[in-house]
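Quick notes on the structure that follows.
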Amino acid sequence: MSNSKLWSVVGALVGVIVFFAGIIWIGGQINPDLQLDETAALRFVFVGIGLLAVFVLYWLTKENDAWEVGTRQVVYMAIGAALYAVFSYLFNGTVFVVPSVSQVSLRPAIALPMFFGYVFGPVVGFFTGAVGNMFGDALTGFGLSPQWSIGNGLVGLISGMAALYVDKKKGLNTVLIVSAVLAAIATILWFLNPSQSNMMFFDPGAGIFGDATISAFAGLSAVVGFVLVLAVRYGFASDMDIAAAVTWAMLGNFIGIGFAAVSDIWINGFPPTVAIVGEFLPAAGPNMIFAAILVPILVRAWMSLQRQTGR
Amino acid sequence: MLVSWRYRSRRSLIQAFDPSAWLIFYASFIASTLFFWDLRILAVFMLVAIIIVVTSGVMWSESRRAWLFIGGFIIFFAVLTFLTGRGGVEVYTQEHVIRTLKAPFTLFGWRPTVDVTVERILFALSQMARVFALASTTILIPYSLNPAHYGVAFRRLGLPDKIAYAMDLTMRFIPTFGRDFQLTLDAQKARGYELDKLQGGLIEQVRKLAPLVVPVTVHALAGSEDIIDAMDLRAFGTGPRTWLIELHYQTRDYILIAIGVIVFLTSMAASLLGLGQFWVPQTLLRIFGF
């Protein structure tokens with residue numbers, strides 16, 4: 001990317017953030033009673049912040065081939081996003097009603113940005129998560145949550161960061177340690193706030209609208225997921241693709257869903273414990289279970305297909 | 001084989017505009033709706049949505065399934081929110097009870113009770129108006145935007161060639177993969193697979209989803225080789241892309257874009273000034289004796 005183009009992108013991103021931050025500040029001056037949850041503008045601020053983070057990540061590693069976008073990547077981006085949209089729509093709890101287990105609903109779609117990110121790189125992963133989530137929301141017809149789309153995009157992007165390393169084994173331990181710390185922090189917060197509501201669990205038939213106390217399984221799901229990923233990491237130590245795919249997917253999941261949940265501290269005015277225990281844990285924890293099981297199966301299937309087609 | 005959306009050329013308000021102008025208006029309309037909970041304002045958005053739907057030329061017979069799905073969902077959630085009083089608690093804090101309905105029976109000592117309140121009625125109506133405005137305009141997109149215009153429309157919105165083409169392909173793939181999913185589900189059902197009756201714990205249930213997720217994904221990737229070859233043979237990505245169809249804004253497109261932007265900015269300003277929040281008419285409260 002040429003320097004002038006680069007500065008145009010940075011300038012535009014900073015401009016968007018400053019514009020919305022200014023509006024919120026000015027809005028606060030005009031109307032002191034302005035509640036943060038009464039404005040949708042903050043959603044777009046976090047879209048700007050998320051995109052800025054993506055750009056910084058790109059800028060720091062831009063020499064790497066992982067960022068290259070050719071014909072193949074364009075087609076995989078479209079396939080990933082379309083599949084994610086279709087699976088999100090089908091498994092959003094309305095088309096196929098699969099009973100939830102211990103407040104955890106089956107949402108297998110999250111495995112797609114992880115898989116596409118790891119196999120085809122960070123750009124494909126980001127597009128799959130962000131655009132797929134956007135189209136999935138649109139298909140359901142219930143509006144858009146742009147900061148959650150960016151969060152899903154980050155899941156795919158971070159999963160694809162493995163492509164930055166020629167040696168897949170490199171950096172895996174660091175990724176595991178960072179993920180362990182994040183899982184531990186969230187779980188400790190749950191131990192300190194066990195009566196917090198599970199804001200991601202809706203069961204209209206039972207009159208539950210995100211207000212049921214979080215179950216022990218959902219509270220411990222990040223740890224359960226981490227242990228599962230650890231088991232896959234070392235159980236498939238000889239198959240570095242599977243080990244690296246699930247490990248990077250775990251970090252992507254923690255950072256991407258964490259970004260979206262933490263943004264609700266400002267967007268919806270949630271206290272940090274509510275955002276982390278009520279939103280992050282019940283969303284990110286179960287995702288780890290899908291990652292640990294479905295991502296390795298998809299990676300294996302893709303490798304078989306590669307061998308058959310010779311591509 | 002690509003399956004297409006049910007688009008066809010119609011004499012309609014939507015198709016009278018340039019697709020990118022329409023997408024800008026649509027995005028502004030959606031974003032503006034999200035700023036409000038005031039039924040009076042939401043009624044205006046709903047009215048605009050109804051006008052768009054009525055003038056869209058989309059027949060009931062071709063969009064029936066989509067409307068029934070969304071309609072059922074809107075009514076189901078609005079009624080449940082009304083009955084339980086939950087969902088609106090972030091929007092209002094005080095409730096004026098009109099009547100308390102008690103069931104003539106008890107369940108294990110608990111008597112089902114519903115508080116009919118002014119706030120619950122208004123919130124249910126506001127929710128219906130809001131979701132209708134969002135959902136109805138979204139439903140129309142695949143019926144009204146020509147698939148041949150997707151790519152060029154996204155390009156005209158300022159996206160780079162490759163991203164615009166990826167968005168184009170994404171929209172084209174969605175109905176195809178929906179069809180593939182259904183075929184795979186039917187094939188697996190013929191082998192005794194029952195999605196509705198997954199047994200076992202969570203891990204076992206996730207594992208049992210693999211016979212659906214994996215074939216659909218791998219089939220999509222296997223089929224992609226033909227598309228990649230076709231694009232490479234046409235030298236995709238080697239230079240600035242040209243599009244077979246050229247779209248040009250006309251005066252009416254500029255007017256539509258201006259209306260969309262003005263509505264969005266006005267809505268944002270109103271929201272920041274604290275206007276458009278949940279509304280309870282004093283007259284209604286007086287009628288019920290509060």
Looking at (1) closer than 30 Å to residue B:129 by Cα; (2) of a type in the set (Ser, Thr, Tyr); (3) touching a residue at least 60 places away in the same chain (Cβ under 8 Å), find the lone condition where residue A:140 falls short. (3)
Would you say residue A:140 is at pLDDT 95 or above and hydroxyl-bearing (Ser, Thr, Tyr)? no
Out of curiosity, is residue A:300 within 14 Å of chain B (Cβ to nearest Cβ), touching a residue at least 12 places away in the same chain (Cβ under 8 Å) and surrounded by fewer than 17 Cβ atoms within 10 Å (Cβ to Cβ)? yes
Which numbered condition trips up residue B:130, out of (1) away from chain A (no Cβ under 13 Å); (2) among the basic types (Lys, Arg); (3) closer than 18 Å to residue A:138 by Cβ? (1)
Just name the residue that is surrounded by the fewest Cβ atoms within 10 Å (Cβ to Cβ) out of those in the stretch A:145-203 that are of a type in the set (Ser, Thr, Tyr) and more than 27 Å from residue A:64 (Cα to Cα). A:195
Exactly one of B:235, B:230, B:210, B:220 is free of Cβ contacts under 8 Å to residues at least 12 places away in the same chain and surrounded by 14 or more Cβ atoms within 10 Å (Cβ to Cβ), and that one is B:210
Take the residues in the stretch A:209-260 that are among the hydroxyl-bearing types (Ser, Thr, Tyr) and part of a helix (DSSP H, G or I); name whichever of them is farthest from the chain's Cα centre (by Cα). A:234
Pull up the stretch B:186-199, narrow it to residues that are at the interface with another protein chain (Cβ under 9 Å from one of its Cβ atoms) and farther than 16 Å from residue A:109 by Cα, then point me to the one that is surrounded by the fewest Cβ atoms within 10 Å (Cβ to Cβ). B:196
Residues that are within 9 Å of chain A (Cβ to nearest Cβ), over 25 Å from the mean Cα position of the chain (by Cα) and not aromatic (Phe, Trp, Tyr): does the stretch B:162-178 have at least one? yes
Is it the case, given these coordinates, that residue B:153 is buried (at least 23 other Cβ atoms within 10 Å of the Cβ), within 12 Å of residue B:23 (Cα to Cα) and either more than 13 Å from chain A (Cβ to nearest Cβ) or without any contact (Cβ under 8 Å) to a residue 24 or more places away in the chain (or both)? yes
(1) of a type outside the set (Gly, Ala, Ser); (2) farther than 16 Å from residue B:144 by Cβ; (3) assigned to a helix (DSSP H, G or I); (4) within 14 Å of chain A (Cβ to nearest Cβ): which one isn't true of residue B:67, the others all being true? (2)
Of the residues A:75, A:69, which single one is assigned to a loop (DSSP other than H, G, I, E, B), modelled with pLDDT of 85 or more and at the interface with another protein chain (Cβ under 7 Å from one of its Cβ atoms)? A:69
In the set A:249, A:245, the lone residue that is in contact (Cβ under 8 Å) with a residue 12 or more places away in the chain, buried (at least 19 other Cβ atoms within 10 Å of the Cβ) and closer than 30 Å to residue A:197 by Cβ is A:249
Let me confirm something: among A:229, A:223, which residue is crowded, with 21+ Cβ neighbours inside 10 Å, out of contact with any strand residue (DSSP E or B) (no Cβ under 6 Å at 6 or more places or on another chain) and of a type outside the set (Phe, Trp, Tyr)? A:229
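The values are calculated or read from the model by the stated rules, or taken from the named source; none is laboratory data. It should be emphasised that the depicted structure is a prediction, and the values quoted were computed from it without experimental measurement. For neighbour counting, all protein chains shown are included, and Cβ atoms are generated from backbone atoms with ideal geometry for every residue, glycine included.
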